[in-house]
Amino acid sequence: MARRGRQTLLFFDPDKLVLVTDTDSPLYDPRVDLPVNVDLARNIDFQGVLQPISVMKNTETGETEVAVGRQRTKAARLANEWRRLRGEQPIQIPAQVYRGERRTALTAIIGENELRDADTPLGRAEKMRRVMALGYSEGEVGTIFGCSTATVRATIALLECCGDVRRAVESGRIKVTHARQLSRLEPDAQREKVRELIAAGENVTGHARARAQRAAIGERSTRMRSRKEVLKELQVSSGERAEALRWVMQVAQQEDGE
């Protein structure tokens, strides 16, 4: 544990921080039981914990408890497991002392997790391009943003699209992956195709919408009817496609066990 200048910024071994699981505690948040975010762990392993967490001292036990930052703490623990296996120095997690009253700590948890605005797709694409301009590879950018290389490529492709395509992605009427395909077309062709995609997605939701827009953009839809076919496809797939196939296999295994 250390101090940096005059700031109340402390550094902790994440394994020594306590994640509150007592449902009667003001610091309890059900998300403490969520699985570790592996993408976040990779990001932390790559560049450390950039945003400090908040902690409180439990006056009854003397332990330092996490008020805000459970997922960062769990991800840092996993990152340190990897670093120890590689013989590297474990990461310490920066923390600020939560100054509010213990009984009102829940409001800070809500503010941290519920009221934060996410980047728009276009804003994310701009940031990715800026990071790549610093010399980082697509794979490293994916690690930084917690996504696959395929997602990095699709997101940055949005910057090569005309305004109609950008607005359609920003409003959620088409996907970022569509933008990557449209970016290969001339502007007039982009505008025509995005109108087709929007029309195909109207009045339908979920899988029906995805199928309709795949047909509109000319994607080949592959229906796999057996586990053997899924495994065969998985051997030659990567990125988001491979992740989706692994999810299909996991669901099938769970259903077999029921």
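Computed from the coordinates by the stated procedures, all read-outs in this text should not be read as laboratory data. What you see is a predicted model; the values in this text were computed from it and never measured. All Cβ positions, glycine included, derive from the backbone under ideal geometry; neighbour counts span all protein chains shown.
For the pair Val32 and Glu202, a Förster radius of 25 Å applied to the C-beta separation gives a FRET efficiency near 0.05, rounded to the nearest 0.05. Placing dummy labels 7 Å off each Cα toward the beta-carbon, the span from Glu101 to Asp39 is 3.9 nm. By the rule of a C-alpha distance below 27 Å, with chain neighbours fewer than 8 residues away ignored, the lysines paired with Lys16 are Lys57, Lys74. Charged neighbours of Ala125, selected by a Cβ distance under 15 Å, balance to +4 (K, R count +1; D, E count -1).
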